[in-house]
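Have a look at the structure below before the remarks.
No lab work stands behind these numbers, since they all come straight from the coordinates. Not measured: the values here are computed from a predicted model. Cβ: placed from backbone, ideal geometry, glycine included. Neighbour counts: every protein chain shown.
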Amino acid sequence: MKKIISIILTAILAIILTVNPVSAEGIEIGSYFQIGSYNGAPILWRYMADEYNGKLIVSDKAICFKTFAAGEDGYPSSRWGSDFWEESAIRKWLNSKAGAGEIEWPNGYTPSAKGVQFSGWSQDVKYPYADEAGFLNENNFSIQELSIIKTISQWQMLPENRIELAENGETRPYLSAYTFGSGRQPYTEHTNYIQELNEAYRGAMYRVSDTMFLLNETQIYDIWNKFGEAGSKIANTSMLGKEINNDYCCYWLISSAIDREGYGLSRYDAVTAINGKNEYVFAYTHPDELGIRPGFYLNEANLIIKSGSGTEEDPYIVDGAGQNGVAVYSNGEELSMDQKPVEENERLLVPARAVFESLGAEVEWDEEKEVVTATDGETEIVMQIDNAVMEKNKKGEEEEISLEAAPRIIGERTMVPLRAVSEAFSAKVDYIEELNRVVIDKQPAPSPDPNWCPPWYKRMFGCSK
């Protein structure tokens, strides 16, 4: 009997020791994590910054080399592919769970070897990924690991030919490269410096939802400001097919690299990148193969730290609690709901209080009339159980909105149609089918210094103050 008790106690102790007592709140910027794998090799990640969507986690090194986009195979006049992140092949690959050869590529163009003219690092090695499984495939990430990776919405700069999509009231594109009158090199084309990105990264923006993403200029500035450099080395030098030193590579960012029309430099086939330790450059979307350094936001609510101290030599080994049914992310956080969402007439019903409060609205429930009222100080909506009409009052303007799914009471919880009520409060709603996740976002656009107006920007656009 004593021997049995000893074995049981030993087993319990072993289980306890596999979980590190460090909580997500206690993790420090700069800590390392081991999460998932690529081509059978574990991926080392690093906690780089605190942002609106939470803890920004970035691969410590470039995990592979790929083109940004894909053009029509073997057709030179269109081989370049799009510089627009939402239509890029690399975004599709990073956010896909599909098996090898099963990814539906944007515009039908596949990232094959035919259009690659030269690699960023090896003239004789190409890295097509048309027949690869998606990066989020089960061979790379378990269901538990995926549950600690948020799906979020964030602001993305728009190229000049997409200005009509702007959601921040701006009509001017971001200029990564420019000419004339900067004060540094007045008559020579050059890119911004990393230390300028905190102010220069401005222009027409819209929101796009991702699970994995490439970094934008604000994130690069935050990394540089914290660590003194934004460069990346290569995770696996053997991928290049020849001996090289483990030096800094050139890796893709997310923004279109466009100069303004009328200056002879307007183009829609280049994207920004980081070269070396801190050089901000741009490269061509389809013929260039640059490093892939993905990032994501940590879902702390599902995080389980099993072992490790967070150093590069002893990274946190983590797992997740898993995902049960539809996961709803609102303003960068997964909603905690004591009643599971239900689908009715192809519309998702969720607990009223959880979604309204996540959007900054106060909720009142009239039990006798079975009426729920929510207001954020500007907009008020009124809904009644089993009534497919929602009343909306915004700044005194009243409107009745027909609903495809009426509010219901399920399990003692008032359930309301997620998309209708979110959009009534001017939130953006996306459904990510592959991951069975919904993203709600009401975050304000970044607001740079309104008095910022260097000579080069004023010469091209003028300045509104």
remark   = If the chain between Tyr52 and Asp386 were fully extended at 0.36 nm per residue, the gain over the current Cα-Cα distance would be 116.6 nm
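Sorted by mean Cβ packing within 10 Å, highest first, what order do the peptides 154-161, 64-71 take?
Details: 154-161: 22.0, 64-71: 27.2.
In descending order of packing, they fall as 64-71, 154-161.
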query = How large is ³J(HN,Hα) for each residue in segment 287-298, as worked out from phi by the Karplus curve 6.51 cos²θ - 1.76 cosθ + 1.60 (θ = phi - 60°), to whole Hz, x for Gly and Pro?
reply = x, 8, 10, 10, x, 10, 10, x, x, 7, 10, 7
query = Where in segment 416-449 does the label zone of Glu104 land, with the point 7 angstrom along Cα→C-beta and an amide N cut-off under 15 Å?
reply = 431-436
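So, by mean Cβ neighbours within 10 angstrom, what's the order for 419-432, 85-98, 373-386 with the highest one leading?
Details: 419-432: 18.9, 85-98: 21.4, 373-386: 16.9.
Top of the packing list down: 85-98, 419-432, 373-386.
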remark   = Along segment 324-338, Karplus-curve 3J(HN,Hα) (6.51, -1.76, 1.60; θ = phi - 60°) to the nearest Hz, with x for Gly and Pro, reads 10, x, 6, 9, 10, 10, 10, 6, x, 10, 6, 6, 8, 10, 7
message = So if each residue of separation counts as 0.36 nm, and I subtract the Cα-Cα distance between Glu397 and Ser37, what length gain in nm does that give?
response = 124.3 nm
task = Would you kindly derive the ³J(HN,Hα) couplings of segment 311-316 from the backbone phi angles with the Karplus curve 6.51 cos²θ - 1.76 cosθ + 1.60 (θ = phi - 60°), listing them in order in whole Hz, with x for Gly and Pro?
result = 8, 4, 7, 9, x, 5
key: FRET E, pair Leu44, Glu368, Förster distance 56 Å, beta-carbon r, rounded to 0.05   = 0.45
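If you average 1/r over every pair of different alpha-carbon atoms in segment 327-441 and take one over that average, what Kirkwood value in Å do you get? Let's see the in-between values first.
Working: mean 1/r = 0.0709 Å⁻¹.
Final number for the Kirkwood radius of segment 327-441 is 14.1 Å.
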note = Between Val318 and residues 5 or more places away or on another chain, the pairs with built amide H atoms under 5 Å apart involve Gln34, Lys306
query = With each pseudo-label sitting 7 Å past Cα toward Cβ, what's the Glu344-Ala301 distance in nm, one decimal?
reply = 2.3
